[in-house]
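Colleague: One structure, as structure tokens, below. Some questions next.
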Amino acid sequence: MSLGDHLEELRARLLLAITGLLIMTVISLFFSGYIINFIEKPYFNAYSTNESKTKDVNTVSKYIQSVFTGIGQKLSNDPNFESIEPTIQAYIQKLSAEAIAALVTDSNDNILRTGSNQDSEVPRLQSLAPADGITSYIKIALITGLILSSPWVFYQLWMFIAAGLYPHEKKYVQTAVPFSTALFVAGALFFILVVAPFTLQFFIKFNKSALGVNSNFTFTDYISFITMLMLVFGAAFQTPIAIFILTKTGLVTIDALCKSRKFIILGIVILAAIVTPPDVISQITLAVPLYALFELGVLLSWFAEQKKKKELAATK
């Protein structure tokens with residue numbers, strides 16, 4: 001194909017991909033409420049992990065206090081209670097206090113945990129500007145539309161690439177389409193279900209212990225953080241497919257990848273530092289899976305090469 005034909009092919013594929021994206025975005029607008037609840041789960045899980053022990057301790061503390069309060073009321077109504085020596089009364093009260101302290105103190109901590117209900121409640125995400133809510137609402141629908149339309153979008157992308165390949169190379173591209181979609185969705189779900197709660201929990205604990213401040217995130221910042229990293233992890237999970245296509249088309253060899261492993265690891269760490277927020281946790285949680293996916297791509301390419309060698313040996 002000439003350069004003009006390639007540009008025309010690119011224009012046609014882009015129009016088709018954008019059309020599919022817009023259709024799925026419009027559909028997602030009607031379900032944004034359910035999608036928002038799903039995206040907010042890592043936030044609530046991170047807080048519930050931090051506050052669950054405190055909530056349990058507070059419940060036990062209040063229950064025991066109510067029990068001893070009831071005992072105290074019954075004793076005060078007893079006509080014989082006044083005849084008990086004051087020292088014995090003080091001992092009973094001290095014993096009650098020690099029993100409560102022993103039951104509500106964490107076994108790994110010497111500090112009595114007695115937070116109020118207000119401290120254990122999960123703070124709601126805030127909207128600071130009038131248009132923040134609707135902007136985030138549309139952004140959520142757009143990202144969801146991209147994920148839902150990813151099979152169609154990846155099909156158009158790979159078909160554009162296939163237009164510049166030889167016939168024997170196109171079959172690898174056609175095989176890559178379903179795997180690209182599955183890996184993209186898997187990467188997005190891996191972040192929101194596994195990485196996001198762990199990362200948010202780290203942020204909340206760091207803010208509270210190191211800085212002594214509460215983590216009151218805004219709705220816009222939280223949605224931007226989640227959706228951006230969902231796309232980053234989805235794109236990063238394309239690594240095995242990219243390596244497989246590169247090796248099958250002869251643009252790079254397996255030996256060259258293995259010899260350049262230390263430089264690739266350095267590149268992965270730098271890439272993870274660039275595309276993630278400036279914190280070590282997010283960088284590590286992206287760099288480690290990315291390197292594992294690189295090794296998976298090399299392994300798949302090696303198996304494919306061994307299979308090809310056996311087929312060639314069988315034909316001789």
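Colleague: (1) in contact with an Asp or Glu (Cβ under 9 Å, 6 or more places away or on another chain); (2) of a type in the set (A, V, I, L, M); (3) surrounded by 21 or more Cβ atoms within 10 Å (Cβ to Cβ): which one isn't true of Ala272, the others all being true?
Modeller: (1)
Colleague: Follow-up question, since we're still on this one. Count, please, the residues in the range 1-36 that happen to be over 19 Å from Ile161 (Cα atoms), open to solvent by 90 Å² or more (accessible area, probe 1.4 Å) and not in a loop (DSSP other than H, G, I, E, B).
Modeller: 3
Colleague: For the structure I just gave you, tell me whether Ile265 is over 25 Å from Thr175 (Cβ atoms) and either modelled with pLDDT of 85 or more or not in a helix (DSSP H, G or I) (or both).
Modeller: Yes.
Colleague: Hey, another quick one. Go through the range 104-149 and report how many residues are surrounded by 14 or more Cβ atoms within 10 Å (Cβ to Cβ), at pLDDT 75 or above, farther than 30 Å from Ala17 by Cα and of a type in the set (Gly, Ala, Ser).
Modeller: Of the residues in the range 104-149, 1 are surrounded by 14 or more Cβ atoms within 10 Å (Cβ to Cβ), at pLDDT 75 or above, farther than 30 Å from Ala17 by Cα and of a type in the set (Gly, Ala, Ser).
Colleague: Can we say Ile245 is in a helix (DSSP H, G or I), buried (at least 20 other Cβ atoms within 10 Å of the Cβ) and aliphatic (A, V, I, L, M)?
Modeller: yes
Colleague: Can you find, within the range 162-180, the residue that is modelled with the lowest pLDDT among those that are surrounded by fewer than 18 Cβ atoms within 10 Å (Cβ to Cβ) and closer than 12 Å to Ser150 by Cα?
Modeller: Pro178
The values are calculated or read from the model by the stated rules, or taken from the named source; none is laboratory data. What you see is a predicted model, and the numbers here were worked out from it, not measured in a lab. Every residue, glycine as well, gets a Cβ built from its backbone with ideal geometry; the counts of neighbours run over all protein chains shown. The accessibility values were calculated without ligands, DNA or RNA, using every heavy atom of the protein model including side chains. Shrake-Rupley method; radii C 1.70, N 1.55, O 1.52, S 1.80 Å.
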